[in-house]
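Q: Dropping a structure here in structure tokens format, bear with me for questions.
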Amino acid sequence: MQMGNKKQQKAYAVIRELNICDDLSSCNPVLCGTLPIGIDILGSDLDIVMEVQDLDYFEERLQILYHSKGNFKLKRTTIRGNPVVKANFFFRNFEFELFGQSQPVLKQNAYLHMLIEHKLLEKRPNLKEKVINLKKQGYKTEPAFCTLLGIPGDPYEGLIQYGIKEGIITEVV
């Protein structure tokens, strides 16, 4: 990101300014999503996923650190059977989503999806423009990839299964 395009460099600087990586270092924060792999569009957010064992502490920490940021919202929910805490806010013209769950970052869907999408873009560079065009039409990233690749069903699970089948990732536990 530090050596990427102008938007990636700006995002890198803003993330550093917020001090997320240091303030939440015990949670192993990792930037995922479209910006790191260059398929972001206007309005794409910065998704930072983390491994969190104590959701109460994490929720309190997010409240303390980011409550004063624009449109700050904190939510606790369950996604695919896993309890999660999400914080959303705006800072320096970027929308942030900080996401914590008890699963290691390298096994979280957001990370796995990004890895699969990145490898697919390397193998098939012609996908990039097509994905971006679908995203501009309102598609989310995973449904855009699945539409272009002919992957049926739930696009979030379908992309994981496709990544396993193609040898991009190994079986997810």
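Q: Can you give the relative contact order of the chain as a percent, counting alpha carbon pairs under 8 Å and 6+ residues apart?
A: 18
Q: List, largest first, the extents of the alpha carbons of the range 6-104 along their principal axes, each in whole Å.
A: Largest to smallest, the principal-axis extents are 36, 28, 23 Å.
Q: Let me ask something else. Could you compute the longest span of the chain free of GluC sites (Glu not before Pro) located in DSSP loops and having at most 15 other Cβ atoms within 10 Å, not counting the site residues?
A: 1-165
Q: Follow-up. If you find the alpha carbon centre of the range 104-173 and of the range 10-63, how far apart are they in angstrom?
A: 20
Q: Sorted from fewest to most neighbouring beta carbons within 10 Å, what does the list 85, 105 look like?
A: 105, 85
Q: Which angle between 0 and 90 degrees, to the nearest 10, do you get for helix 55-66 versus the longest principal axis of the chain when only C-alpha atoms count?
A: For helix 55-66, the angle is close to 80 degrees.
Q: Taking each pair of distinct Cα atoms in the chain once, what is the resulting Kirkwood hydrodynamic radius in Å?
A: Evaluated over the chain, this radius sits at 16.8 Å.
Q: If you build the Cα gyration tensor of the range 109-165 and take the root of 5 times each eigenvalue, what three semi-axes come out, in whole angstrom, biggest first?
A: Computed over the range 109-165, the values are 16, 13, 10 Å.
Q: What does DSSP give for the chain in terms of the percent of beta bridges that are antiparallel, rounded to the nearest 5?
A: For the chain, the DSSP antiparallel bridge percentage is about 75.
Q: A follow-up question, please. How do 64, 169 rank when sorted from fewest to most other Cβ atoms within 10 Å of their own Cβ?
A: Arranged by neighbour count, lowest to highest, 64, 169 become 64, 169.
Q: Taking other Cβ within 10 Å of each residue's Cβ, how do 58, 90 sort, fewest first?
A: 90, 58
Q: How far is helix 155-165 tilted off the main Cα axis of the chain, in degrees rounded to 10, range 0 to 90?
A: For 155-165 against the chain, the angle is about 60 degrees.
Q: Would you calculate, for the chain, the mean residue ellipticity at 222 nm contributed by helices, counting each DSSP H stretch of 4 or more residues as -39,500 (n - 2.57) and dividing by all residues, to the nearest 500?
A: -13000 deg cm²/dmol
Bear in mind these aren't lab numbers, they're just calculated from the coordinates by the rules spelled out. Everything numeric in this text was worked out from a predicted model, so none of it was measured. When we count neighbours, we look across all protein chains shown, and the Cβ atoms used for this are built from the backbone with ideal geometry, even at glycine.
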